[in-house]
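The values are calculated or read from the model by the stated rules, or taken from the named source; none is laboratory data. The model shown is predicted, which means the values in this text are computed figures rather than measured ones. Positions of Cβ are backbone-derived with ideal geometry, glycine not excepted, and every protein chain shown enters the neighbour counts. Heavy atoms of the whole protein, side chains included, go into the accessibility calculation; ligands, DNA and RNA do not. Shrake-Rupley method; radii C 1.70, N 1.55, O 1.52, S 1.80 Å.
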Amino acid sequence: MRALYKVPLGVTAVAAAGLVYSAGFEARSFRLRRVTVPVLPPGMRPLRVLQVSDIHMVSGQRKKQRWLRSLAGLRPDFVINTGDNLSDTEGVPEVLDALEPLMEFPGAYVFGSNDYYGPRLRNPAKYLVEKVQGKHGLNGNEPVTGAIHNPWEGLRDAFDEAGWLNLTNTRGTLKVDGVSIELTGLDDPHIKRDRYEEVAGGPSGAGDFSMGVVHAPYLRSLDAFTTDGYPLVLAGHTHGGQLCIPFYGALVTNCDLDTDRVKGLSTHTAGGNTSYLHVSAGCGANRYTPFRFACPPEATLLTLVSSDWAL
């Protein structure tokens with residue numbers, strides 16, 4: 001009879017070890033991704049952009065706070081926060097403590113669904129089902145009932161007070177050492193708060209450079225930014241797939257973006273134009289699924305260079 005239990009016990013042991021690794025080690029193994037993007041006009045000096053995303057702060061995550069604070073040592077020209085800062089209704093003070101040194105730099109932000117609403121316990125297999133059905137968030141699914149409302153207004157007020165631009169379905173301009181950067185942002189498409197019609201029309205041409213910012217990289221948003229001629233779009237949301245298969249990659253993106261572009265730098269083509277797209281894998285996870293496998297948490301330092309940089 002003992003032999004009957006060898007296989008299931010072995011599988012259970014391997015699964016348990018995987019959970020311990022993914023939650024206890026990899027989810028706390030913070031990395032910095034470095035990317036060079038040739039998008040600036042000829043002759044323009046390089047710009048260093050720090051993108052932070054999907055922090056999903058839970059009270060007590062001291063290592064994450066220390067790591068985020070340390071990123072100020074990179075001395076970026078400006079910071080872009082692509083949302084989902086919270087995974088705890090009590091997490092606002094700790095997010096602000098973690099980002100305080102970064103708020104000394106020029107910056108801008110958009111929010112994600114987890115800034116507005118608290119997380120819910122959810123079967124991870126539903127992400128696979130939604131991928132097959134083509135339904136994600138409020139895009140095709142029934143509205144959520146009994147949602148927990150996060151105190152996101154405290155984040156907004158602190159970011160605004162620091163001088164960061166609120167890009168919620170609006171435009172803004174950053175001035176960085178005499179360089180004018182036009183930014184156009186959207187509220188989160190995952191919960192259908194995006195209103196591209198309010199910012200449509202493309203770059204005004206008044207800035208030295210322009211880019212789009214959105215939390216969740218849904219195709220409708222990427223198509224709109226690209227068609228309107230934005231050379232670069234920054235997004236987050238996907239967690240890089242979060243639980244990936246080594247040598248294969250992500251199974252889901254939690255939106256309608258394909259898994260080949262679940263994280264890092266790629267391109268997007270629409271309306272006869274092609275834009276660069278950078279999707280951050282983020283540095284956190286939902287408090288109920290605090291696991292990462294073959295997808296360590298990250299922030300990204302993007303160095304934007306002129307289009308003739310490689311010539």
Quiz prompt | Amide proton proximity set for Ser306, modelled H, under 5 Å, gap of 5+ | solution = Leu40
Practice problem: From zero up to wherever the largest Cα-Cα distance of the stretch 175-311 sits, split into 10 Å bins and tell me the percent of pairs in each. | Solution: 12, 39, 33, 14, 2
Quiz item: Pulled fully out, how much extra length does the chain show between Ala206 and Leu301, if you take 0.36 nm times their separation in residues and subtract their Cα-Cα distance?
Solution: 31.6 nm
Practice problem: Please identify the longest segment of the chain free of exposed trypsin sites (Lys or Arg not before Pro), where exposed means a DSSP state other than H, G, I, E or B and no more than 14 other Cβ atoms within 10 Å. | Solution: 1-119
Quiz item: Angle between the Cα long axis of helix 152-161 and the longest principal axis of the chain, 0 to 90 degrees, nearest 10?
Solution: 30
Exercise. Kindly identify the chain as rounded, prolate or oblate by the Cα gyration tensor criterion: order the square roots of the eigenvalues as a ≥ b ≥ c, call it rounded if a/c is under 1.5, otherwise compare a/b with b/c, prolate if a/b is larger, else oblate.
Key: prolate
Quiz prompt | Max mean-square fluctuation residue, GNM over the chain, Cα-Cα springs under 10 Å, options Pro203, Pro41, Pro151 | solution = Pro41
Practice problem: Determine the relative contact order of the stretch 29-185: mean sequence separation of Cα pairs under 8 Å and six or more apart, normalised by residue count, in whole percent. | Solution: 21
Self-check item: Candidates Asp208, Asp115, Asp223, ranked by Gaussian network fluctuation over the chain, Cα under 10 Å, top entry
Solution: Asp208
Quiz item: Measuring with a 1.4 Å probe in the full set of protein chains, what accessible area per residue, in whole Å², belongs to the chain?
Solution: 45
Quiz item: Counting only protein heavy atoms, what percent of the accessible surface of the chain is carbon or sulfur at a 1.4 Å probe?
Solution: 56
Quiz item: Just by accessible area at a 1.4 angstrom probe, what is the order of Asp97, Asp188, Asp77 from largest to smallest?
Solution: Asp97, Asp77, Asp188
Quiz item: On full extension of the chain, what length is gained from Glu161 through Thr145, given 0.36 nm per residue of separation minus the C-alpha to C-alpha distance?
Solution: 2.5 nm
Quiz item: Across every pair of different alpha-carbon atoms, what Kirkwood hydrodynamic radius in Å does the stretch 117-173 reach?
Solution: 14.5
Quiz item: Between Arg122 and Leu74, what length comes free when the chain is fully extended (0.36 nm per residue of separation minus the Cα-Cα distance, one decimal in nm)?
Solution: 13.6 nm
